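Reading through the structure tokens given below for one structure.
The values are calculated or read from the model by the stated rules, or taken from the named source; none is laboratory data. The model shown is predicted, which means the values in this text are computed figures rather than measured ones. Cβ: placed from backbone, ideal geometry, glycine included. Neighbour counts: every protein chain shown.
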Amino acid sequence: MTSTSNVTTVLKCLRDLCGDRRGVAAVEFAIIVPFMLALYIGGVELGDGMAIQVKVTDTAHIVADITTQNTSINNATMLNILNASTATIAPYSSSNIIVTISEVSTNSSGVATVTWSDSFNGAARTIGQPMTLPTSLAGQANISLILGEVAYTYTPNLGGSITGTVSISDSYYLFPRNSTSITRVNS
């Protein structure tokens, strides 16, 4: 009778264990927490990356726009324009940004080359370097354009070990506003 009693006791314990609902919420929480944290941290990092993309686009537009308002640019003016990029990229680090401003001109055949170029935290384009213009501008003869280019090296704060460094860049072409081209004076 003892063995039947033991079997009954074991079956009763198993039935009680199956019916016990204490701790279910804790187990479910432990299963869901890693996914919730990954979504939250990923959302924060994605939002930060998108904010930097907007800043990069704005900076490319702003430096090109400021440049197009001149008819002639000397070294001091160019330095001020390039330094303005640090204000537009703020609150993000300006040490991760490369800004290049160039004038691109086409000849009578519509072939585009770099007329002059200056850069902040990077290398300027080579004078005479052939350029490929966007399709809406390609082939136009005897025009000058200002090209603002910005590249930013973004390392996510929390997910950097997973994604690594992400390069974000944008460029913007604008026509000079007050003349057909902008003279670059080295003084």
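Structure summary
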| read-out | value |
| --- | --- |
| Selection count where residues are assigned to a loop (DSSP other than H, G, I, E, B) and surrounded by 11 or more Cβ atoms within 10 Å (Cβ to Cβ), scope the range 165-187 | 8 |
| Any chance ASN121 is among the polar types (S, T, N, Q), at positive phi and in contact with a helix residue (DSSP H, G or I) (Cβ under 9 Å, 6 or more places away or on another chain) | yes |
| Single match in VAL99, VAL33 (criterion: surrounded by fewer than 12 Cβ atoms within 10 Å (Cβ to Cβ) and either out of contact with any His (no Cβ under 6 Å at 6 or more places or on another chain) or closer than 24 Å to VAL150 by Cβ (or both)) | VAL33 |
| Residue satisfying all of: in the range 51-91; in a helix (DSSP H, G or I) and more than 20 Å from ALA124 (Cβ to Cβ); farthest from the chain's Cα centre (by Cα) among these | ALA87 |
| Search result, residues across the range 131-176 that are farther than 30 Å from PRO91 by Cβ and touching a residue at least 40 places away in the same chain (Cβ under 8 Å) | LEU133, SER144, LEU145, PHE175, PRO176 |
| Selected residue [in contact with a strand residue (DSSP E or B) (Cβ under 9 Å, 6 or more places away or on another chain) and over 19 Å from PHE175 (Cβ atoms)] from VAL24, VAL63, VAL56 | VAL56 |
| ILE73 vs. criteria buried (at least 17 other Cβ atoms within 10 Å of the Cβ), in contact with a helix residue (DSSP H, G or I) (Cβ under 9 Å, 6 or more places away or on another chain) and under 24 Å from VAL166 (Cβ atoms) | no |
| Residues of the range 91-130 that turn out to be free of Cβ contacts under 8 Å to residues at least 24 places away in the same chain and more than 26 Å from ASN74 (Cβ to Cβ), as a count | 4 |
| Scope the range 118-134; condition more than 20 Å from THR86 (Cα to Cα) and not aliphatic (A, V, I, L, M); matching residues | ARG125, THR126, GLY128, GLN129, PRO130, THR132, PRO134 |
| Scan of the range 104-130 for residues that are within 23 Å of ILE89 (Cα to Cα), part of a loop (DSSP other than H, G, I, E, B) and in contact with a strand residue (DSSP E or B) (Cβ under 6 Å, 6 or more places away or on another chain), ordered by number | ASN121, GLY122, ALA124, ARG125 |
| Test: THR86 is among the polar types (S, T, N, Q), touching a Leu at 6+ places or on another chain (Cβ under 7 Å) and surrounded by 14 or more Cβ atoms within 10 Å (Cβ to Cβ) | no |
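Per-residue answers, yes or no, for (1) in contact with an Asp or Glu (Cβ under 8 Å, 6 or more places away or on another chain); (2) at pLDDT below 90:
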{"site": "ASN74", "(1), (2)": "no, no"}
{"site": "THR77", "(1), (2)": "no, no"}
{"site": "PRO91", "(1), (2)": "no, no"}
{"site": "VAL99", "(1), (2)": "yes, no"}
{"site": "ILE127", "(1), (2)": "no, no"}
{"site": "ALA138", "(1), (2)": "no, yes"}
{"site": "VAL166", "(1), (2)": "no, yes"}
{"site": "SER169", "(1), (2)": "yes, no"}
